[in-house]
Amino acid sequence: MTYIIREANPRDTKEISTFVFKRTGKMISPLHIENRLHFMRENPDESLYVYEEENQILGTLGFRIRQADDAVVKFSEISVISMEGDNNCGTAADKLKRYAEQLAQKHACSGMWWITGSEKNGDSRKANEPIGFHETGYRFVKRFL
């Protein structure tokens, strides 16, 4: 299957909104996504990429660079959303993860933080842990959307 991973643009906002709703059940307005993309254009350390097959978005990749003031240590922070229950779900997620690693290397990052929105506990979280990553703790999240 032919695919492309590219930076999201304002023409994608409606489809990203629909995709996120289908995947998470949370509605994020296209206007909110467009405003976020505008913010990202002004901030070179943040990007949003989409995974497309046959002109349909099947995954997103949030990429953010975090660095200390002395800029000696630089980490990338990534989050991937992809469709579940689809024949290509593993493929899309795996390709996005590999792409994120390439971005981290391109930006000379010391490592990657994998951010997951999953509230899964126990063995199911371990089964979904990306290869080469290890769990170092948890983040507490307060959602407004």
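Here, each number is a calculation from the coordinates, and none is a lab measurement. Please read all numbers here as calculations on a predicted model, not as lab measurements. Here the Cβ is made from the backbone with ideal geometry for all residues, glycine too, and neighbour counts use every protein chain on show.
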F21-I4 pseudo-label distance in nm [points 7 Å out on the Cα-to-Cβ vector]: 2.5
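What order do you get for T13, T24 when you list them from fewest to most C-beta neighbours inside 10 Å? Intermediate results must be reported in sequence, preceding the final value.
Working: T13 20, T24 12.
The order, fewest Cβ neighbours first, is T24, T13.
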Non-local residues with an amide H under 5 Å from the amide H of I28, with H modelled 1.01 Å from N and Pro and chain starts lacking one, are F21
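Order of S17, S82 from fewest to most other C-beta atoms within 10 Å? Don't skip to the answer; put the middle values down first.
Details: S17 18, S82 23.
Ascending Cβ contact count within 10 Å gives the list S17, S82.
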Starting with the fewest neighbours, write out F19, F39 ranked by other beta-carbon atoms found within 10 Å of each beta-carbon. F39, F19
